[in-house]
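Note sheet for the following structure.
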Amino acid sequence: MTVVLAAIADDYTGASDLANTWRKCGLRTAQTIGIPTDRGLFETIDALVVSLKIRAAPAVDAVARALEAEEFLRRIGARHVMYKICSTFDSTDAGNIGPVTDALMERAGQDWAVVTPAFPEAGRTVYKGHLFVNDVPLDESPLRHHPMNPMHDANLARVLTRQSKHAVHMLDVQTVTLGPDRCRAKIATMPGRRKSIIVDAIGDHDLDVLGGRLAFSGAVSTGASGLGGGLAKAVLSERPAEGSMAKLAAVGGRAAVIAGSCSARTL
């Protein structure tokens, strides 16, 4: 096996969340802290998550690190690279979601990229371009008091427009439910040489459409673990059943949990 699906995560805890999602879906997954140097270590896995600490870094530094990671992932054969962000779209008006997404699109020569932090399993949904946290608009949720990136706007297209140098558009859930062909047709009518598409998703089926049949047709996407689940299903749909997840050995004894976040959800 070689790496088919990969991600650049903007922090360590989010990276482990995505790695866990991919493993549960059936992909043999590895997570690294930083960009690895030995490509031979990744010849027997399906997916790789590279964990960086760039969520709150200056935009220019975040872009440089993300492109360095992307270059490595392409060298080891990654077909699709996802920029893994938080499901609460943690960022400032300077980035880093917009600048990194722009840079990855440009590197891949891609005209548009799916962008969605939706993760219904964790209570994160996007409707009409607005992010809801457990049915509460983002700007009314505890994230409005985030110590580093307080979120005061639930309109993701508006948030991303302040960060991106390319056009930002919204794709509504009504179009998503009609399937990927209708999504592509609508995207084709949106102006802009390159564009980020904030896509609605209120259930796992929407993410299957977005990840499995829309985003995976391109080289890059941006999203939370929900989108990652759709991408994983796309990989597995192209592979014989016997080529998917190897069984993990049972683990016994005591267990400990270390939480890397002080968010209300984690607490």
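Tell me the volume per residue, in Å³, of the convex hull enclosing the alpha carbons of segment 167-218.
So the per-residue Cα hull volume is 67 Å³.
Considering only the chain, what is the antiparallel percent among its DSSP beta bridges, to the nearest 5?
25 percent
Count the net charge of all other residues whose Cβ sits under 12 Å from the Cβ of Thr189, scoring Lys and Arg as +1 and Asp and Glu as -1.
+4
Mind checking which helices in the chain clear 15 Å along their axis (Cα) and have mean Kyte-Doolittle hydropathy of 0.5 or more, DSSP H runs only?
225-237
What percent of all Cα-Cα pairs in the chain falls in each 5 Å bin, counting up from 0?
Using 5 Å bins, I get a P(r) of 1, 6, 14, 19, 20, 18, 12, 6, 3, 1, 0, 0 for the chain.
Looking only at Ala256, Ala69, Ala118, which one moves most when the chain is put into a Gaussian network model with springs between Cα atoms under 10 Å?
Ala256
Search the structure for amide H atoms under 5 Å from the amide H of Trp112, placed 1.01 Å from N in the peptide plane, and list their residues when 5 or more places away or on another chain.
Those qualifying (amide H under 5 Å, at least 5 residues apart or on another chain) are Lys195.
Per the helix-only calculation at 222 nm, which mean residue ellipticity applies to the chain, given -39500 (n - 2.57) for every DSSP H run of n ≥ 4 and division by its residues, nearest 500 deg cm²/dmol?
My calculation for the chain gives -8500 deg cm²/dmol from helical runs alone.
In a shell of Cβ-Cβ distance under 12 Å around Gly212, excluding Gly212 itself, what net charge do Lys and Arg (+1) and Asp and Glu (-1) give?
Neighbour charge sum, excluding Gly212 itself: -2.
Rank the residues Ser16, Ser87, Ser51 as a footprinting-exposure proxy: fewest other Cβ atoms within 10 Å of their Cβ go first.
Result, fewest neighbours first: Ser16, Ser51, Ser87.
Give me the number: length gained by fully extending Arg107 to Ser237, i.e. 0.36 nm times residue separation minus the C-alpha to C-alpha distance, one decimal in nm.
Net length gain for the segment: 44.1 nm.
Coordinate-derived values only; no laboratory data. Predicted model only: the values in this text are computed from it and were never measured. Here the Cβ is made from the backbone with ideal geometry for all residues, glycine too, and neighbour counts use every protein chain on show.
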